Structure formats: C-alpha cells, structure tokens
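Report on the structure given below.
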Amino acid sequence: MNAPATSERLARLRLARTDRIGPVTFRELLARCGSAVAALEALPQLSRRAGTPLTPAAEAVARLEIEAGEALGASLLVLGDAGFPPRLARIDPPPPVLWALGRPDLLSAHASVALVGARIASAGGQRIARGLAMGLGEAGVVVVSGMARGIDAAAHEGALPTGTVAVLGGGIDDVYPPEHAGLYHRIAEGGCILSESPVGARAQARDFPRRNRLIAGLSQAVVVVEAELRSGSLITARLAAEQGREVFAVPGSPLDPRSRGVNDLLRQGAHVCEGVEDILRELRPDSAFDEPGGPFAGAAPGPVDDALLERVAALLSPTPTPRDELARAVGAPIGAVSAALLELALAGRAELLPGGLVSL
C-alpha cells in the first residue's frame, strides 16, 4: 500500500476521531469510498439515509491533536504509513491511527513477545516476569506489555536495557498508574510508548480491552505470569489466540488465586512456560512482513436500496450475528448487506464487530 498523502493522513485522523467510527467501520468506509477524504464527504449522506446524520470530527480539532502530540515528541502513525506496525496492520480490524513516543522502530521488530499478568502480583511472579523479559531481550526479542502495576511493570523493567514497548489505554501522555512516571520516562527514552487514544485522553475502563488487543497484535506470542480467572490478562491471551498468536502460561500453585487463570490456560492448551527456552522454541518465522495486499481491498458496492436497509435493520439483535446469516435471511448478496450495515452503523443503529459480526 502506498503511503497516504498529507491531506489523506489528516482525513484519516479525522475519520478515526468521528463519533460512531470504530476500526471496523473505518476500514469499511475506506473500502467503500476509496479514501478518507471521500469518506468524510460521504458521511453525512450515508448516515442520513439510515437515520441520524453524522458530523465528521472537525479539521481544527484534528490539527490541535497533531500539534499536541508533536509537542510531546510523539509520532502519528496512520494506517498505510510505511512505519505503521506490520503486525497491527494485519489484525482484524487494524487500528486506524496510533501515537508512538520514543523508538517507533521497535514496533516493527521481527521478534516480539508480550508479558502480562496480575497487577497485585507476588514477589515471585514479578521475579519470574523480570527474568523472562531480560532473557528475551538478550535473545533479540522486544518485550511488549501494558505498563500496569505488578507483572507488567516487572516485564518492562527487565527489558529496559534491550528495548520494550508499553501500550497505554489512555493518550500517549497519560501516565497511569501515576507512580509509574519514572518507568514511563525511561521507556520513552530507550523503548517505545504506544497509544490508540487521542492525545490528552485519560484512560477509562472501556479503553483497556482495546489496549489488550494491541498488546496481543504487536506480539508473536503472549506469556501470562499470574492471573485470576476474571482477569484482563486472560482477555489478552484470548485475543492473542484469536489472532493466531502463541499463548504461554507460567504454572502456579493451586493454593494461590493468582494462579487459577494461568492454570486454566494450561488446561485449555496453552504452552507451558518454565523459562525463556520454552518461548524461543515455539516462535515461528513471522510472515506478516511479506504478505501482499492491504487492508482495503475490494470494490465499492452500489447504492443501497431503502427497503433492503430496513429489512436488514429488522433482523438485528443485541446478539452478534454473522453477516452471511443476514444475507441468507434477506436473500441479498453479501456486498449489498454489508453496505446496508455500514449505513446503519453510521446512523447509530448497528455495531460492526470484528470477525464479520454485527449487532444492535
């Protein structure tokens, strides 16, 4: 894919910051309209047909975000840029825009592994995470984590000498937790801070699953060190498996609640991790750098019939449904149904989900 021009990069940032435009909708708008510039022009009409008109994010707001990011020394990475992380460009769906502070080259490393785990981690668990990170770094592997308390922080500390990536839930300038300010600055100096959120945004609960998706997507494998059964680290592991990554778990004592999640991963088929060698032995050559094509392939469909639009809308429910099922139910081509769903999503009447699913 050719790198987008300056005007297209600005348009992609505006499109990504527009209400009701998530990564799936962003991708489908570019596929339908051919560019973000054209998508911004089409947005009001496309959303009006299905209900509530949608106003694109203002150009002035996008320019202010760029100025704020550049003032911090951060780089804006737009999907399609030469420096956009190759693995993230291939996940379903890819993030439209990213901010990177420090060394963006680490985002394109040929070997990277995520180390995640409990925030309230045991001293032993933190020692294991730190040791694994040091060993991976010495083997030329970039360590990725989420800069949370506990296992995440230990992993970053172990990999600081060789290069580590911290993915944030908030903006690139959102140091969370606050006591990690020193760690944040050390990573920014020798590693890389990465965020999908707007500059200045403060992390909220809904931002962490998105952060976890990026952690998994950046990595060839995810290693979990201590996690309870209801844990964000297990979400990262599930996302990694869905993205075709390897999943590892460090076994723990059945007497420690922090081991219940990792032991359950092992029961589900995760690799046992007792040392760096276990991870390195399973890492496979990464083919994402050589795959042809781009994320916006496909011809744009023609105009959507109003009757089809409403028939598709009537079939939606809160339960995620595959698009091909909707197409069979209405007896229409999948392309026409996808076009109708895009307009419904822009109007706030549908939610487009990864994996070809859609819900109310």
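Key figures
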| item | result |
| --- | --- |
| Restricting region 299-311 to residues that are within 20 Å of Pro93 (Cβ to Cβ) and surrounded by 12 or more Cβ atoms within 10 Å (Cβ to Cβ), the residue that is modelled with the highest pLDDT | Pro301 |
| Flag for Leu239 being buried (at least 19 other Cβ atoms within 10 Å of the Cβ), in contact (Cβ under 8 Å) with a residue 12 or more places away in the chain and closer than 17 Å to Ala100 by Cβ | no |
| Hits in region 217-251 (condition: among the acidic types (Asp, Glu) and assigned to a helix (DSSP H, G or I)) | Glu242 |
| Enumeration of residues in region 109-130 that are touching a residue at least 40 places away in the same chain (Cβ under 8 Å) and in a helix (DSSP H, G or I) | Gly125, Ile128, Ala129 |
| Per-region count, region 11-39, residues out of contact with any Ser or Thr (no Cβ under 8 Å at 6 or more places or on another chain), hydrophobic (A, V, I, L, M, F, W, C) and over 23 Å from Leu357 (Cβ atoms) | 3 |
| First in region 184-199 and within 13 Å of Glu65 (Cβ to Cβ) and of a type in the set (Val, Ile, Thr), second anywhere and part of a strand (DSSP E or B) and at pLDDT 95 or above, Cβ under 9 Å, 6 or more apart | Val199/Trp99 |
| Residues (within 16 Å of His185 (Cα to Cα) and either more than 14 Å from the chain's Cα centre (by Cα) or part of a loop (DSSP other than H, G, I, E, B) (or both)) located in region 85-105 | Leu101, Gly102, Arg103, Pro104 |
| Filtered residue count, region 117-137, keeping only those that are closer than 13 Å to Arg149 by Cβ, aliphatic (A, V, I, L, M) and buried (at least 24 other Cβ atoms within 10 Å of the Cβ) | 2 |
| Test for Ala42: is it under 27 Å from Ala313 (Cα atoms) and free of Cβ contacts under 8 Å to residues at least 40 places away in the same chain | yes |
| In region 136-164, the residues that are polar (S, T, N, Q), touching a residue at least 60 places away in the same chain (Cβ under 8 Å) and in contact with a Cys (Cβ under 9 Å, 6 or more places away or on another chain) | none |
| Only one of Ser145, Ser112 that is closer than 19 Å to Arg206 by Cα, within 16 Å of the chain's Cα centre (by Cα) and among the polar types (S, T, N, Q) | Ser145 |
| Within region 10-31, tally of residues that are among the basic types (Lys, Arg), surrounded by fewer than 21 Cβ atoms within 10 Å (Cβ to Cβ) and either part of a helix (DSSP H, G or I) or at pLDDT below 95 (or both) | 2 |
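The values are calculated or read from the model by the stated rules, or taken from the named source; none is laboratory data. This structure is a prediction, so every number in the text was calculated from the model and none was measured. Because the Cβ atoms are built from the backbone with ideal geometry, glycine has one as well, and the counts that use them run over all protein chains shown.
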